[in-house]
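Below: the structure, in structure tokens.
The values are calculated or read from the model by the stated rules, or taken from the named source; none is laboratory data. Just so it is clear, the structure is predicted and the values come from calculations on it, not from any experiment. Accessible surface areas use protein heavy atoms only, side chains included; no ligands, DNA or RNA. Shrake-Rupley method; radii C 1.70, N 1.55, O 1.52, S 1.80 Å.
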Amino acid sequence: MVSVNAPNRESLRSRRRRETEREIHLAALHLARAHGFDKVTVEMISAEAGVSPRTFFNYFPNKDAAIVQGPAELSEELAAEFVSAGPAPAKQVLTELTRLLTRDFSEHPPQREEVHAAFELAREHPQVLAVLLARFDAFAVHIADLVGRRLGEEAGDEVPALMAAIALAAVRQGLDRWARASDDGSPVPYVERSMDLLRTLLAP
């Protein structure tokens, strides 16, 4: 017999895993800013986060990956809501895709200092930039899948792939500008502005 508490235990396990991953990430960022990225080791990050190097490698393959946290996967509820809206003109789908991504930012706002530090390290170190771009590329595949399912196409087809690439370019640019801004606001207006500018540039 399956215990009725099994889902709760799984939820707690997943939450603890996310917390540990974040603790390692924050430790890596802190040490990289305090001592310089090149001087930081996995052993230093593990000690700062209060985990063993073996545990570190359960979460990240190397210190470069620990520095960068890419976009989080969209919740199943938000993804299902977007897909279930069904086929629509490309411009409308792109607008709703922007709304979907910014809604997730509104509900799970990133920390400006963390984003700023990660982007700065990516600008200074090619290996960190490669990880950052890989994270966004992986998220773009997820977005293309959602767009494809909504349009009745494959994720790798031209329109879903291009739409995902456009949306993620706006997200990355918007986050970067927000991270370097001096106001205390949300990243949402920055991402929306980037998308509006892209739409203007792409308009006939």
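A compact table of results
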| read-out | value |
| --- | --- |
| Ratio of Rg to Rh over the stretch 50-126 (Cα coordinates, Kirkwood Rh, two decimals) | 1.11 |
| Accessible area, probe 1.4 Å, largest first, for residues 153, 77 | 77, 153 |
| Taking all pairs of distinct alpha-carbon atoms in the chain, Kirkwood radius in angstrom | 18.5 Å |
| Alpha-carbon Rg with Dmax, taken over the stretch 134-190, Å | 13.5, 43 |
| Heavy-atom accessible surface of the chain: percent carbon and sulfur, 1.4 Å | 53 percent |
| Probe 1.4 Å, accessible area per residue of the stretch 162-204, Å² | 56 Å² |
| Fraction of alpha-carbon pairs over 17 Å apart in the stretch 64-183 - percent | 56 percent |
